[in-house]
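S.K.: Let me give you the structure first, and then I'll get to my questions.
The values are calculated or read from the model by the stated rules, or taken from the named source; none is laboratory data. Quantities reported herein were computed from a predicted structural model and do not represent experimental measurements. Reconstructed Cβ throughout: ideal geometry from the backbone, glycine too, with neighbour counts over all protein chains shown.
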């Protein structure tokens with residue numbers, strides 16, 4: 001089994017010896033065919049449904065339920081509680097195949113599901129298709145054993161649907177792609193200056209007004225190009241429930257983000273009273289049609305607090321805390337909040353004096369602490385971008401460290417949990433090559449190898465501090481990704497490299513075997529082809545993937561230290 005190109009790489013993988021020779025024999029295999037059923041023990045029924053839906057569709061095999069006396073050996077799915085202690089946590093799994101049996105067992109249903117993803121890879125790239133492309137009725141699983149468990153508990157991808165909206169079907173597709181790479185957290189960026197994407201029944205203008213902008217900047221914000229047509233969309237509350245349920249079936253947590261108090265111009269355009277009305281005419285604001293950081297931020301008033309409490313009350317119903325492993329988290333953004341309106345606002349200055357705060361940074365901290373307390377009282381945990389450290393970190397809050405490793409180091413040393421997602425390393429909107437053909441080049445060059453050498457745990461942390469690193473996340477910001485094909489191009493194949501970093505027990509970055517990863521990627525590209533992913537080829541963009549004449553934001557030189 002050592003020749004199998006699994007991504008992410010498992011902890012241990014051994015080939016079974018040939019019964020005839022006692023040596024590793026490629027001819028030994030478990031054969032799935034029309035007679036193969038699935039015996040799903042208690043707790044694994046959802047994995048069996050997924051296998052019939054996905055693998056059954058690709059292979060054309062019925063994979064019916066197997067009962068005693070049904071005939072040939074089944075594909076056995078079972079939960080083995082002791083596996084967690086032996087091999088590392090609830091997502092640990094063990095897959096064993098020989099000529100007579102095929103077993104996928106896990107420490108939990110999530111572990112069995114991760115093992116089922118490995119089984120799909122072992123069947124070959126055609127197992128990733130939507131329907132059979134061959135008349136063969138027998139599929140071989142190479143004999144051997146895979147024992148595996150993830151390095152990190154939080155293995156995330158952030159999808160920005162505020163800048164360019166991803167319809168519901170596109171979100172399902174991203175969840176399927178995440179599951180195929182053993183990722184388990186979708187950070188769902190639902191609001192920003194350029195759009196509001198979730199229905200809030202008590203505030204209908206958030207979808208009537210804030211979910212649409214009249215036009216869109218094409219390229220970087222310095223570009224002179226515009227797409228002169230409205231852009232937008234939103235998810236109904238039932239859409240969100242469906243997305244959360246679909247993710248939970250794949251053992252993926254959906255962490256919603258409503259960005260406050262900055263990145264809020266769309267909400268202010270819908271409800272002008274949320275803005276700093278004593279310094280600007282908020283009734284003249286529209287949903288922002290360009291990129292960057294808007295200076296139109298929320299007013300630090302009781303009215304604003306009550307409004308967003310209403311928003312979060314409805315969100316908590318849509319994103320139940322028991323849906324999956326990290327479902328108790330709610331992301332409140334907290335990043336890039338310019339303070340100039342607060343400095344000029346008599347109301348904001350009065351609030352600073354009333355609360356006995358030192359400055360506007362502490363005012364933002366007060367804003368964040370309010371929602372940390374509010375969420376904690378409802379059994380939830382606040383997480384925000386590392387700017388929430390400014391003015392004092394809210395008790396119990398976790399940090400998404402995006403401006404480098406510094407915020408994560410400071411938070412971990414203070415005893416707060418951290419998700420490492422530094423822009424210098426895992427922002428997938430950044431360009432993949434310095435060549436002139438890269439479409440709308442943004443930021444620093446971050447190649448596939450660069451992402452593969454990303455290390456989420458800063459060496460400055462002690463072992464005790466490092467335990468606060470929940471894991472890592474790759475961020476897909478969509479300012480210059482106007483459709484699904486552009487999202488695919490920027491995200492893949494780099495997300496495959498990130499997935500291995502987050503899952504596998506890799507050595508130090510300088511010692512990682514990128515040549516071996518490239519060898520396995522040669523097979524994995526065929527899986528991505530079968531899934532219809534419009535990834536960036538290793539040789540560079542195809543002609544239709546380029547965007548000639550659309551200005552980007554190339555930054556010369558290496559990225560700053562994280």
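S.K.: I need the full set of residues from the range 197-210 which are over 30 Å from residue 502 (Cβ atoms) and touching a residue at least 60 places away in the same chain (Cβ under 8 Å), in order please.
M.R.: Taking the range 197-210 first, the residues over 30 Å from residue 502 (Cβ atoms) are 199-210.
Across the range 197-210, the qualifying residues are 200, 201, 202, 203, 205, 206, 208, 209, 210.
S.K.: Continuing with this model, one more query. If you check residue 267 against the conditions, is it in the same structural domain as residue 226 (by TED's automatic domain parsing), within 25 Å of residue 217 (Cβ to Cβ) and not in a loop (DSSP other than H, G, I, E, B)? Give the derivation first.
M.R.: Working: in the same structural domain as residue 226 (by TED's automatic domain parsing): yes; within 25 Å of residue 217 (Cβ to Cβ): yes; not in a loop (DSSP other than H, G, I, E, B): yes.
The answer is yes for residue 267.
S.K.: Could you check residue 76 against (1) in contact with a strand residue (DSSP E or B) (Cβ under 7 Å, 6 or more places away or on another chain); (2) within 20 Å of residue 36 (Cβ to Cβ); (3) crowded, with 21+ Cβ neighbours inside 10 Å and say which number it fails?
M.R.: Failing condition for residue 76: (3).
S.K.: Any residue at all in the range 467-482 that is more than 18 Å from residue 545 (Cα to Cα), in a helix (DSSP H, G or I) and at pLDDT 95 or above?
M.R.: No; the residues of the range 467-482 include none that is more than 18 Å from residue 545 (Cα to Cα), in a helix (DSSP H, G or I) and at pLDDT 95 or above.
S.K.: Then there is this: Could you tell me how many of the residues in the range 278-288 are surrounded by fewer than 17 Cβ atoms within 10 Å (Cβ to Cβ) and touching a residue at least 24 places away in the same chain (Cβ under 8 Å)? Explain how you work it out, then say what you get.
M.R.: So the first thing to find is which residues in the range 278-288 are surrounded by fewer than 17 Cβ atoms within 10 Å (Cβ to Cβ), and the list is 278, 281, 283-284, 286.
With touching a residue at least 24 places away in the same chain (Cβ under 8 Å) added as a condition, the list becomes 278, 286.
Qualifying residue count, the range 278-288: 2.
S.K.: Failed condition for residue 529, given (1) touching a residue at least 60 places away in the same chain (Cβ under 8 Å); (2) surrounded by fewer than 23 Cβ atoms within 10 Å (Cβ to Cβ); (3) not in a helix (DSSP H, G or I), with all others met?
M.R.: It is condition (3) that residue 529 fails.
S.K.: Can you tell me which residues in the range 18-68 are modelled with pLDDT of 95 or more, loosely packed, with under 13 Cβ neighbours inside 10 Å and farther than 19 Å from residue 129 by Cβ?
M.R.: 42
S.K.: Determine, yes or no, whether residue 141 is assigned by TED's automatic domain parsing to the domain that holds residue 80, in contact with a strand residue (DSSP E or B) (Cβ under 8 Å, 6 or more places away or on another chain) and modelled with pLDDT of 95 or more. Please lay out each step first, then the result.
M.R.: Numbers: assigned by TED's automatic domain parsing to the domain that holds residue 80: yes; in contact with a strand residue (DSSP E or B) (Cβ under 8 Å, 6 or more places away or on another chain): yes; modelled with pLDDT of 95 or more: yes.
In short, yes.
S.K.: Follow-up. Right, residue 496: under 18 Å from the mean Cα position of the chain (by Cα), surrounded by 15 or more Cβ atoms within 10 Å (Cβ to Cβ) and either modelled with pLDDT of 95 or more or not assigned by TED's automatic domain parsing to the domain that holds residue 408 (or both) or not?
M.R.: Working: under 18 Å from the mean Cα position of the chain (by Cα): yes; surrounded by 15 or more Cβ atoms within 10 Å (Cβ to Cβ): yes; either modelled with pLDDT of 95 or more or not assigned by TED's automatic domain parsing to the domain that holds residue 408 (or both): yes.
Yes, satisfied.
S.K.: Does residue 15 meet the test of being surrounded by fewer than 16 Cβ atoms within 10 Å (Cβ to Cβ) and at pLDDT below 95?
M.R.: no
S.K.: So for the range 295-305 (the condition being in contact with a strand residue (DSSP E or B) (Cβ under 9 Å, 6 or more places away or on another chain), part of a strand (DSSP E or B) and buried (at least 21 other Cβ atoms within 10 Å of the Cβ)), does at least one residue qualify?
M.R.: As a first pass, look at the range 295-305 and keep what is in contact with a strand residue (DSSP E or B) (Cβ under 9 Å, 6 or more places away or on another chain): 296-299, 304.
From the residues that got through so far, the ones that are part of a strand (DSSP E or B) too are 298.
Keeping just the survivors that are buried (at least 21 other Cβ atoms within 10 Å of the Cβ) gives 298.
Looking for residues that are in contact with a strand residue (DSSP E or B) (Cβ under 9 Å, 6 or more places away or on another chain), part of a strand (DSSP E or B) and buried (at least 21 other Cβ atoms within 10 Å of the Cβ), one finds at least one in the range 295-305, hence yes.
S.K.: Return the residues of the range 460-491 that are more than 19 Å from residue 553 (Cβ to Cβ) and within 13 Å of the chain's Cα centre (by Cα); say none if nothing qualifies.
M.R.: Once the filter is applied, which keeps residues that are more than 19 Å from residue 553 (Cβ to Cβ) and within 13 Å of the chain's Cα centre (by Cα), the range 460-491 yields 471, 472, 473, 474.
S.K.: Name the single residue, out of those in the range 532-562 being out of contact with any helix residue (DSSP H, G or I) (no Cβ under 7 Å at 6 or more places or on another chain), in contact (Cβ under 8 Å) with a residue 60 or more places away in the chain and not in a loop (DSSP other than H, G, I, E, B), that is surrounded by the fewest Cβ atoms within 10 Å (Cβ to Cβ).
M.R.: So, considering only residues that are out of contact with any helix residue (DSSP H, G or I) (no Cβ under 7 Å at 6 or more places or on another chain), in contact (Cβ under 8 Å) with a residue 60 or more places away in the chain and not in a loop (DSSP other than H, G, I, E, B), the one surrounded by the fewest Cβ atoms within 10 Å (Cβ to Cβ) is 554.
S.K.: Of all residues in the range 263-274, count the ones that are surrounded by 19 or more Cβ atoms within 10 Å (Cβ to Cβ) and free of Cβ contacts under 8 Å to residues at least 60 places away in the same chain.
M.R.: Residues in the range 263-274 being surrounded by 19 or more Cβ atoms within 10 Å (Cβ to Cβ) and free of Cβ contacts under 8 Å to residues at least 60 places away in the same chain: 2 in total.
S.K.: Let me ask something additional. Return yes when residue 346 is in the same structural domain as residue 384 (by TED's automatic domain parsing) and within 25 Å of residue 419 (Cβ to Cβ) and no when it is not.
M.R.: Numbers: in the same structural domain as residue 384 (by TED's automatic domain parsing): yes; within 25 Å of residue 419 (Cβ to Cβ): no.
No.
S.K.: Moving on to the next point. Based on this model, can you work out whether residue 490 counts as surrounded by 24 or more Cβ atoms within 10 Å (Cβ to Cβ) and part of a helix (DSSP H, G or I)? Don't jump to the end; show me each part of the working.
M.R.: On the way: surrounded by 24 or more Cβ atoms within 10 Å (Cβ to Cβ): yes; part of a helix (DSSP H, G or I): yes.
Yes; evaluated as a whole, the condition is true for this residue.
S.K.: If you take just the helices (runs of 4 or more DSSP H) that sit entirely in the range 315-423, which of them hold at least 2 residues that are in contact with a strand residue (DSSP E or B) (Cβ under 8 Å, 6 or more places away or on another chain) and surrounded by 16 or more Cβ atoms within 10 Å (Cβ to Cβ)?
M.R.: Working: elements: 340-344, 346-355, 360-376, 406-413.
By residue number, 360-376, 406-413.
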